Structure formats: C-alpha cells, structure tokens
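The values are calculated or read from the model by the stated rules, or taken from the named source; none is laboratory data. Quick caveat: nothing in here was measured; it's all calculated off a predicted structure. All Cβ positions, even for glycine, are placed from backbone atoms using ideal geometry, and neighbour counts span all protein chains on display.
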Amino acid sequence: MKLKYLILLISLVLTANVSFSQEENFRIVFPQTEAERNKACSNCFNVFRQKTKEVRFSIQNENGNLYFQTNDRKWFNLLFKNPTDGLALDVVAKDIYNCSVTSIENKQINGKLLKPVYAKRLKSGLRSSGKDMFRVLVGKIPTELKGKELEYNILFLGNKTLCRYQIIYNLKAYQWDLLDMGMYLDSVNFKNQKLVSQGEENVKIRYKTLKFKIPFEKNKSIYSPEDIKPVYDSLNLTDFNIKTINIKAYSSVEGSLERNIELQEGRANSIAKAIQTYQKPTIKNTISSSENWVEFLNDIEGTKYENLKVLSKAQIKKKLVGAFSTEMEPYLKNHRKALITLELEKKDKYKTMPVTQLVNLFNQSIKEDNLDEANTIQNSLFEKLKNSEVSPDVLKQLEVPMQLKFINILNKNSAIKYQLDERQIVIVRNELEQLKKLDPKNTRVRYNLAAIKFKIWRYNIEKINPSLFKDEIFNLEKYKISKALINRMMINYHIIQSENFNRKRDYSNKDKSVNYIKSIYEKIPLSDFDYFSLAQFLSYYANVEAAAKLLSDKARQIDVDEDLLFYYLNLTLINKELTKTDEYRAIMLNAVNLNKDRYCQLFNTPEEDGVTFQLLKDDYLRKSYCENCNN
C-alpha cells in the first residue's frame, strides 16, 4: 500500500517553575497561572483555534540555518500580529536520551534555547520558498550542537509569554478509501479479500486462503503427521494449486536466542518442503521467525506470574531455567508453533491455450448453449486479463447475444471491464442498466449497479439522490444480498455523506454519519485494508481514540499485519497513559518481532524518517527502545 506522510503537531503548555534566570531564557515569560496565560495569549490561541488542517508549518535546517516555514502567509501574519508576538526554538539533541543515562530530568526547556524572534523581523524576513511556501530565518544551530542528531521544538510567544510549546511528530499515514465493494462475478469478488455472502458457501471460487497452526515439541523441528494432516485434507489439490506459502515460525521465549532462531528456521523449512512435494509447480515461500514474546506476555496476564511482565527480556530468560521453566511449561508449550497461510489458485485447464483459440472456443460454446464450458473459458480469459497477458480488447471479440439465458455471462463481461479500468464506469453502468431491464430481479446485476454507484457519487461524476440511493441499498436484501454486505455498503454511504456534510460545514449531520459508522463496523467482516481505511477515516474526523480501539485487539495478535500494527503505534505512541501499560509492552514486542529495524526507526528524527526521538522522554518507551534497539 502506498504511503504518504502526516505531520502531527502536538502542543504543550508549560506551567512549571522556571529553572533558569531571565537572562538565560531571554526574558521569555513562563506563565504560572491560567489567567496569566489567557491574558497574554488571546491572539495566539484564537489564531490556532481557527487554523484549518490545510495550514502547515515546520522548521527546516539548511546548512545550519534554521527556518520557520509555512504554506499560508495570511495565517502567519495573523499569528504574529502584535510587536511582542514571536517564536523561539528549543534545539534538542538525541544524546540527552542516551541509554546510559539513568533518568531524564523533567524540564521546561529540553535542549538549547535560541534567542526569540519577534513580529517585525519575522514579517520583514518572510520570503517565498518554492510553490506556495514561505520561510523566514529564525536561528542557527549552536556550535556545540553541530554534528549531532537534532530536533527543533517551537515556542510560540504572545506578549513575550510562552503560549504554546510545540513538538512536531512525523507520523506515517496510509491512504484510505471507501471499503472495497468488489464486483459480483460468480460470487462477490473483492480486490483485497474474498468475502462469501450468505447462501454462497457452495460457490466454486477461483481463489482460496487457508490458514493452519502447527504445534512443535520443545527443542524439536519435526512436526507430528497428525498435526499437518488437516493441511493436506483441506487442500483439495485436484481443483487448486498452491500459489504461495507464508510461514511464521515461533519459539517459546526460554533458552538462547541463537538456538531459538535455529529451531524456528528448521520448523518453517520442514513444513515448506513437505507441502512442496504435493504439487509440481514451484511454490513461492515467505518465511519469518521470532521468539513468541507476544503470547507469553498475554498469557501470563492475570496469573500469579504476571510480575514477570515488568522484567526485561534478559531478566525473564534468566528466570526461565530449571524447575521454574518446568513450572511454566503449560504456558510455554503453546508458544512453539508455525502459523501457515496458503494462497490457492483454482487450476486452469486452458492456461496454456493461445488466446485466439480460446476466444473461438468461447464463442462456439455460446452458440451451442454450453454455458458451463463458456463460463470456465471466460474465467480463464479474465485471469489472463488480470495478469496483463492479453489486451482488454479481447472482450470485444466475445460474442454473447443480449438474451436472458446469457445474463450472468454478460454481467461478468461488464464487471471485469470495470475492474480492469475504472475510467469505464459510466459505460459499464449503462451496460448494467440494460441488463437490469433484461432481468429486473437478477441479484448480481443489482449488486454491481449499487457498487459502482458509490464511485459515481463520491467523485461527482453524476448527481446522486442520497435518499433514493439509501433505499436502493436496503432493497438489495430482497434479492438475497446478505445483511453483512448491505451493512458494508451503508458504511460507505455514511463515509461519503460525512465528507459532503463536512464540506458544507454541517457538522451536526457529519457527526451523526461518523457515529453511525462507529456503531456498525463490528457487524461486518473486515480485511486489513478495511481496518486501515476505517482507522484513517476516524482519525481524520478527530476520533483518534475510536481508531485506536478499532485496531487494539488486532495489534495484540501474533499474526497481525505489519503495516496495521505500525499504524496503531502511530496513533498511540504519544498517549503516555497507554504506553506505560503491560499490554502496550506486548504490542511493542510484537512490532519488534515483525520488523525490529522499523520499530527502532520510530525513535529517529523526522529528518531520518522517524516519529521523533523525544518519545524517549517517556520512561516506558525509553526502556523498550534501550532493550531492543541499543546495540
């Protein structure tokens, strides 16, 4: 999934006692009371309150010169309206959070405070800097800090008084969209996940995903034949080939890391080798391995052993020896396993047939009313189209009369045309409308019409009456479309409605649509893509807690999607109440297991694609960082 970057601005108001002289803080006033701050900072507070999300600002380092940069000159001039309005920089070095430091002092100014710059100089020095960007020089890196990893916190001043202390967090965010509606072919076919509607259990689909868990005995890489038998029984290899095997192998946490890695790799390779013997086409393998800290910490929660959760990994390993290891075996035995995900593809007897011959065979089958054979050939052609093996123009060569008996084949031709190129949305919509006239009660046609109407509505291709469209969605139940799919559509309906209400500044109705989504998403099966989309949607509309709640259970699962887990961390790393909990430690160790380098990178500077190293001011996060990232 393509990523974009979101700069999240977190402001802190400091009211602790000043710990240095007025000369050292350049006579900046640090207010001691709420009334004092409100009196001095009314303009600053108002300007920030009215700031739209489109207004951006940051500090740029160019050869040691530090610039305040913004994309909105008007907002800048409002912020620095009065002569004593200004800003100062607190230049913070990462080495103050070095793992050798026993404790971090809680101070108002974390690094080196630079001399403030006030309104007159800020306005006169503001210059254009690229398209729609403006910047002004506000300081230089002190000599003693050159060559160090640095971040730049901003003190926004009103009447020479500290109004906002701003840390900039650089958080990765994922593109979000409507939930995938898929298209109804032989069944509802989703781009990101195959969801089977009610009544479709016996439909022969083209792809399958099978998941299995294989346990292992202590210090052994050999699995029991009885444990892997369900894998073989489920494959149905007369109909499907295995495209990929993803194996995640886990060891229990006791013993040396080196030995555990050796065991994990042996377990994964033994399974991959065994499954490969069941078919000739080579299977693509993805294998990963780690110690199972996540389930260990989850399983001891609420037991007499939960005091172990406060210990470091090294300390826990020291305890898990001898008699105590034997005592813990009822827990540890469940942590030695491999999680296997098999992606299957239905066998294609026409896979090697030339496309010209395949088209002729399809047209002949249509003439002979051999619809089963025509359907099989059509699926083979579609697979070639999806893999870009043939041109979409091949669809024009398929000769299917506009007759009721061919309705499902005609529907599939239109649906695949849309899946290959969404720019044909209006053409496909018109084709489906003709098919609806031919068979008004056809479930597949009606579903596909509703599915593509969401894109027509969202991108304002044509005017859509929201009330009539809602009725159309609910009426799908009459045509045996499952309640889960209808709920899925209603989530998309309210995503679009909330966007429209927000543009009109109708915040009351916008909130109603958001709350409807929050009340219903638990009623439908969600893919990882759906979780991303919903979490992004909720975050966008300032429902960060709801977004975090949506992802929290998945974040604690050992087989969680890596991107989803790291997005959860992005949402929650700055929540100090949450990060100090034992449950959060299990989630962080899950991230370390999945991608240690990516986890450690969170604590880099934004310039090095991190969130911020100032997260290390949090004792709990610092402990995790020093345990896992301090080489």
Exactly one condition in (1) out of contact with any Ser or Thr (no Cβ under 8 Å at 6 or more places or on another chain); (2) in contact (Cβ under 8 Å) with a residue 24 or more places away in the chain is not met by Gln424; state its number.
(2)
Can you pull out every residue in the stretch 568-610 that is of a type in the set (A, V, I, L, M) and over 25 Å from Leu538 (Cβ atoms)?
Leu589, Val592
Near pairs, Cβ below 7 angstrom, 6+ apart or cross-chain, from the stretch 289-308 (assigned by TED's automatic domain parsing to the domain that holds Ile214) to any residue that is of a type in the set (Val, Ile, Thr) and surrounded by 21 or more Cβ atoms within 10 Å (Cβ to Cβ)
Glu291/Val253; Asn292/Val253; Trp293/Val253; Phe296/Val253
If I ask for residues that are touching a residue at least 24 places away in the same chain (Cβ under 8 Å) and of a type in the set (Gly, Ala, Ser), which ones from the stretch 114-146 would you list?
Ala119, Ser129, Gly139
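Residue by residue, here is whether (1) surrounded by 19 or more Cβ atoms within 10 Å (Cβ to Cβ); (2) at pLDDT 60 or above holds:
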| residue | (1), (2) |
| --- | --- |
| Asn159 | no, yes |
| Arg164 | yes, yes |
| Leu171 | yes, yes |
| Gln175 | no, no |
| Leu179 | yes, yes |
| Leu185 | yes, yes |
| Lys194 | no, no |
| Gly199 | no, no |
| Val203 | no, no |
If you go through the stretch 282-331, how many residues are among the basic types (Lys, Arg), in contact with a Lys or Arg (Cβ under 9 Å, 6 or more places away or on another chain) and either modelled with pLDDT of 90 or more or in a helix (DSSP H, G or I) (or both)?
1
Tally of residues being buried (at least 17 other Cβ atoms within 10 Å of the Cβ) and in contact (Cβ under 8 Å) with a residue 40 or more places away in the chain across the stretch 255-282
7
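Could you say which residue among Glu431, Glu383 is surrounded by 12 or more Cβ atoms within 10 Å (Cβ to Cβ), at pLDDT 95 or above, among the acidic types (Asp, Glu) and part of a helix (DSSP H, G or I)?
Details: Glu383 fails: at pLDDT 95 or above.
Glu431 is the lone residue from the list that is surrounded by 12 or more Cβ atoms within 10 Å (Cβ to Cβ), at pLDDT 95 or above, among the acidic types (Asp, Glu) and part of a helix (DSSP H, G or I).
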List the number of the failed condition for Thr352; all other conditions in (1) farther than 20 Å from Lys623 by Cα; (2) assigned by TED's automatic domain parsing to the domain that holds Glu265 hold.
(2)
Among the residues in the stretch 89-109, are any within 21 Å of Phe48 (Cα to Cα), over 34 Å from the mean Cα position of the chain (by Cα) and either free of Cβ contacts under 8 Å to residues at least 24 places away in the same chain or crowded, with 20+ Cβ neighbours inside 10 Å (or both)?
no
Please name all residue pairs, on different chains or six or more residues apart, with Cβ atoms under 8 Å, provided the first residue is in the stretch 577-590 and is over 16 Å from Glu545 (Cβ atoms) and at pLDDT below 80 and the second residue is among the β-branched types (Val, Ile, Thr) and part of a helix (DSSP H, G or I).
Asp582/Val310
Based on this model, can you work out whether Leu485 counts as farther than 30 Å from Thr443 by Cα, modelled with pLDDT of 85 or more and crowded, with 19+ Cβ neighbours inside 10 Å?
no
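So that you can scan it fast, the table gives a plain yes or no per residue for (1) within 27 Å of Asn106 (Cβ to Cβ); (2) touching a Pro at 6+ places or on another chain (Cβ under 8 Å); (3) surrounded by fewer than 16 Cβ atoms within 10 Å (Cβ to Cβ); (4) of a type in the set (Phe, Trp, Tyr):
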position	(1), (2), (3), (4)
Leu538	no, no, no, no
Tyr541	no, no, no, yes
Thr572	yes, no, no, no
Asn590	no, no, no, no
Asp597	no, no, yes, no
Gly610	yes, no, no, no
Asp619	yes, no, yes, no
